[in-house]
Amino acid sequence: MRRASSLKDKEVINVSDGTRLGMVSDVEINLNDGRIEGIVVPIQGKWFGLFGKDNEYIIPWESIIKVGDEIILVEMSESIVKKFLE
């Protein structure tokens, strides 16, 4: 079992195209049932998420393929990744 805090600062990589999406800064938790809904990754080049949620992306838990010691592998379509990196 892992703690939600162990996800922080892991690098997120999209296996669909090898894109490095950034580092996990936080997690989204559903307080009603205590489940992790997704991971929060600041959008690169936009002040690292310091200015609100418009500068971060929440990757749904269902998109996560594997959580390793240093990286998290996700599978996201090219159109979503393109929007993420714009």
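Derivation of every value follows stated rules applied to the coordinates shown; laboratory data play no part. Quantities reported herein were computed from a predicted structural model and do not represent experimental measurements. Glycine gets a Cβ as well: all are built from the backbone with ideal geometry, and neighbour counts include every protein chain shown.
Here are a few things to note about the model shown:
- For the range 1-45, filtered to residues that are in contact (Cβ under 8 Å) with a residue 60 or more places away in the chain and among the hydroxyl-bearing types (Ser, Thr, Tyr), the residue that is surrounded by the fewest Cβ atoms within 10 Å (Cβ to Cβ) is Ser16.
- The set of residues from the range 1-31 being under 13 Å from Tyr57 (Cβ atoms), within 10 Å of the chain's Cα centre (by Cα) and assigned to a loop (DSSP other than H, G, I, E, B) comprises Val24, Ser25.
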